[in-house]
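The structure appears right after this line, and notes come after that.
The values are calculated or read from the model by the stated rules, or taken from the named source; none is laboratory data. Source: prediction; values computed, not measured. Here the Cβ positions follow ideal geometry from the backbone for every residue, glycine too, while neighbour counts run over all protein chains shown. Quick note on the areas: whole protein, heavy atoms, side chains included, nothing else; ligands and nucleic acids left out. Shrake-Rupley method; radii C 1.70, N 1.55, O 1.52, S 1.80 Å.
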Amino acid sequence: KVVCGASHTLFIMTLGDLRGCGRNDSGQLGTGNADSSDVPVRILGPGNRFGWAVEDAVANEHTLVTMSCGAVIGFGSNHHAQLGLGHRRVQLAPADLPLDARNVELHVGAFQSFAIYPGVQPKPVGFLDKEDLYHRKN
């Protein structure tokens, strides 16, 4: 499976390895550094603690991935708290997010992320600014 963001691309390989290429100035490739790559580099391979990659959602500068162990991981820009880690710092390496990967659809925009569970109102990931439309209406 191939998913393209504004400036980076992720690949879920046949055996669930996660690879990526493109810009990485905000850590959106999840390689642990901010080095961009013209060729796909391994982000998560066999034997990692999360299992294999199942589904991914790629935005401008952040990435969310559901994993076979039931976790959702995220990495990249977090200036708008779009990773849901409780802070606004860049996340260079994959981090376990406070979401349940079972039956979730992940949707990402340039500066936000949403988790959608069947029969439940869409849930913003992380804390969002007061000016955000979601919080003004709800």
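Ignoring ligands, DNA and RNA, what accessible area per residue does the range 1-75 give at 1.4 Å, in Å²? Walk me through the numbers before you get to the answer.
On the way: 3290 Å² over 75 residues.
For the range 1-75, the solvent-accessible area averages 44 Å² per residue.
State the percentage of accessible surface on the range 1-134 attributable to carbon and sulfur atoms; use a 1.4 Å probe and exclude ligands, DNA and RNA.
Details: 3630 of 6640 Å².
Exposed carbon and sulfur together represent 55 percent of the surface.
Cα convex hull of the range 34-95: how many Å³ per residue?
Working: hull volume 5.8 nm³, N = 62.
Once divided by residue count, the hull of the range 34-95 is 93 Å³.
State in Å² the accessible area per residue of the range 79-123; use a 1.4 Å probe, count heavy atoms of protein chains only, and round to the nearest integer.
Ligands and nucleic acids excluded, the figure is 57 Å² per residue.
Give the label of the value calculated from the structure for Cα extents along the principal axes in Å, choosing from (1) 50, 29, 28; (2) 67, 45, 24; (3) 43, 30, 22.
The calculated read-out lines up with (3).
Express in % the proportion of alpha carbon pairs of the range 1-70 at distances exceeding 17 Å. It would help to have the intermediate numbers written out before the result.
Numbers: 787 of 2415 pairs.
Pairs farther apart than 17 Å: 33 percent.
Mind putting a number on the dipole of the chain about its Cα centre? Charges go on the C-beta only, +1 for Lys and Arg and -1 for Asp and Glu, and I need it in Debye to the nearest 20.
On the way: 12 positive and 13 negative charges, 46 e Å.
It comes to approximately 220 debye.
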